[in-house]
Amino acid sequence: METMAKPQFKGKRYRLDKPELLAPAGNLEKLKFAVHYGADAVYIGGQKYGLRSGADNFSFEEMREGVEFAKKYGAKVFVAANIYAHNEDIAGIEEYLRNLYEAGIAAIIVADPAIVDTARRAVPGLEVHLSTQQSTLNWQAVSFWKEEGLPRVVLGRETSLEEIAEIKNHVDIEIETFIHGAMCSSYSGRCVLSNHFTDRDSNRGGCCQSCRWKYDLFQDDRPEGTWVSEEEVEAQASPDRLQPGVTQLPLHQPEDNPFSMGSKDLCMLESIPDLIEAGIDSFKIEGRMKSIHYVATVVNAYRKAIDAYMADPEHYVMNPEWLDELNKAANRPLNTGFFYDTPDHEDHIYEPEEKAAPYDFAGLVMEYDTESGTALIQQRNHFKPGQEVEFFGPDNTFFKQTVGELWDAEGNSLDAARHPLQPVRMKVNQPVAYFDMMRKRKS
């Protein structure tokens, strides 16, 4: 009988001195923003084996550039390779993992035991973290993965704070949990709705987010056992093409929002002390397909909260301005998921959503001239003189002002910044720096 391989990692810190802030990065630009705004690590997707095929994802060349950028700020880059592999997915996995290691990737996030085993055998220097897709919820399961040589487990989102604390008491291993972002309506993301509705496999990167669709209900009055063709089923999906014998049942009033299975988004910003005291080592933000503005805003808020608590735990006070900032990037109503209690109907979205993000990313600061008090802004959304804007950045930059006169790169006056990525110069009320962002209220 073949003996089990010994754990690969010696001297690993199984309790980080300070929680790691782990941010999503759907492309190279988002990676740079996440790191610049305070992420200790970022997780990305390669062009294979990940669950976000709709994201831009990274070539190996982009990975190397991202790793080099992250190293300048003391940050790490992880790659999600968390599909559930079918037989045809296995070919080429060893070469892919070796390329990740050579690109400088610090760790891979994996769900499938076949990929875990392949990584440990073929690339023993590449750290393996267990994905949340494994739905690990108890300390004995965590202990099993520790014995398999994994230094970190990403727990299922159904784990409560009390259960996390018990896991940390039993097993000396790093624990990572999602603390912000979208929540899947299925069990730790193990959903097949997308497979049935669109033939896109959720567990191989193709989720169409069918739980976010709007639904209605129809009643078929034909005798039981009546055969219904595929064409009729498709036709019944549209109320104006109902077949004979089929009636529409109103689930709601015309002004109501059609039924959705969408859950509210997770937000644990107000619970930073509880997360740290429970022993969580890595705080993970969801959102590889979210905007640059979202990533920068969310990372910035959690960075400030974590740093404030670690600097003086006894006198820590939650700053409401951090939550105000988060709400400028939120896409849906927020809640605390499974951390304190099991979510119920109040934690799902049934009513028409109030848009909680009334701001657009308007421009990126490229440079600042101290003598003239002007900034060179790279346009990201249309803005013009007379509009109120906000500047914010990772070094506590925050102020509001009205846009004054605008000039193009040649010094010509502009009536608006209307062209994508257009360089525009404008006066600013306070000093700004490269990578500071300018946003505006949505019209």
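The values are calculated or read from the model by the stated rules, or taken from the named source; none is laboratory data. Just so it is clear, the model here is predicted, and its values are computed rather than measured. In this analysis, Cβ positions are derived from the backbone assuming ideal geometry, glycine residues included, and neighbour counts consider all displayed protein chains. SASA here: full protein model, heavy atoms, side chains in, ligands and nucleic acids out. Shrake-Rupley method; radii C 1.70, N 1.55, O 1.52, S 1.80 Å.
If you take the residues in the range 29-55 that are surrounded by fewer than 18 Cβ atoms within 10 Å (Cβ to Cβ) and farther than 20 Å from residue 91 by Cα, which one is modelled with the highest pLDDT? Going through the qualifying residues, I end up with 29. Pairs linking a residue in the range 311-331 that is more than 14 Å from residue 299 (Cβ to Cβ) to a residue that is open to solvent by 40 Å² or more (accessible area, probe 1.4 Å) and at pLDDT 90 or above, with Cβ atoms under 6 Å and 6 or more positions apart or on different chains, are 318/270. For the range 285-300, a tally of residues being open to solvent by 10 Å² or more (accessible area, probe 1.4 Å) and either at positive phi or charged (D, E, K, R) (or both) returns 3. Is it true that some residue in the range 402-419 is closer than 24 Å to residue 330 by Cα and among the hydrophobic types (A, V, I, L, M, F, W, C)? No.
In the range 403-427, what count of residues is obtained for those that are in a loop (DSSP other than H, G, I, E, B), touching a residue at least 40 places away in the same chain (Cβ under 8 Å) and surrounded by 16 or more Cβ atoms within 10 Å (Cβ to Cβ)? So that I can check it myself, show each step before the final result.
We begin by selecting, within the range 403-427, every residue in a loop (DSSP other than H, G, I, E, B); these are 403-405, 408-412, 415-416, 418-422.
Within this subset, residues satisfying the condition of being touching a residue at least 40 places away in the same chain (Cβ under 8 Å) are 419-422.
Within this subset, residues satisfying the condition of being surrounded by 16 or more Cβ atoms within 10 Å (Cβ to Cβ) are 422.
Qualifying residue count for the region: 1.
Every residue, every condition in (1) open to solvent by less than 100 Å² (accessible area, probe 1.4 Å); (2) closer than 21 Å to residue 120 by Cβ; (3) touching a residue at least 40 places away in the same chain (Cβ under 8 Å), yes or no:
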position: 79; (1), (2), (3): yes, yes, no
position: 89; (1), (2), (3): yes, yes, yes
position: 101; (1), (2), (3): no, yes, no
position: 105; (1), (2), (3): yes, yes, yes
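When residue 289 is tested against (1) under 24 Å from residue 130 (Cβ atoms); (2) part of a helix (DSSP H, G or I), exactly one condition is not met: (2). Counting just the residues of the range 135-160 that are in contact with a Ser or Thr (Cβ under 8 Å, 6 or more places away or on another chain) and touching a residue at least 40 places away in the same chain (Cβ under 8 Å), which one comes out surrounded by the fewest Cβ atoms within 10 Å (Cβ to Cβ)? Per the criteria, the residue is 158. Total residues in the range 122-142 satisfying the condition of being within 16 Å of residue 106 (Cβ to Cβ) and either assigned to a loop (DSSP other than H, G, I, E, B) or of a type in the set (Val, Ile, Thr) (or both): the figure is 6.
Each row is one residue, and each column tells you yes or no for (1) over 17 Å from the mean Cα position of the chain (by Cα); (2) acidic (Asp, Glu).
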residue	(1), (2)
37	no, no
67	yes, no
89	yes, yes
95	yes, yes
105	yes, no
112	yes, yes
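If the condition is being open to solvent by 60 Å² or more (accessible area, probe 1.4 Å) and either basic (Lys, Arg) or touching a residue at least 40 places away in the same chain (Cβ under 8 Å) (or both), then the range 382-394 contributes 384, 388. Of the candidates 424, 365, 403, the single residue that is touching a Pro at 6+ places or on another chain (Cβ under 7 Å) and either at pLDDT 95 or above or closer than 30 Å to residue 261 by Cα (or both) is 403. Only one of the numbered conditions (1) open to solvent by 50 Å² or more (accessible area, probe 1.4 Å); (2) assigned to a loop (DSSP other than H, G, I, E, B) is not met by residue 304, and that is (2).
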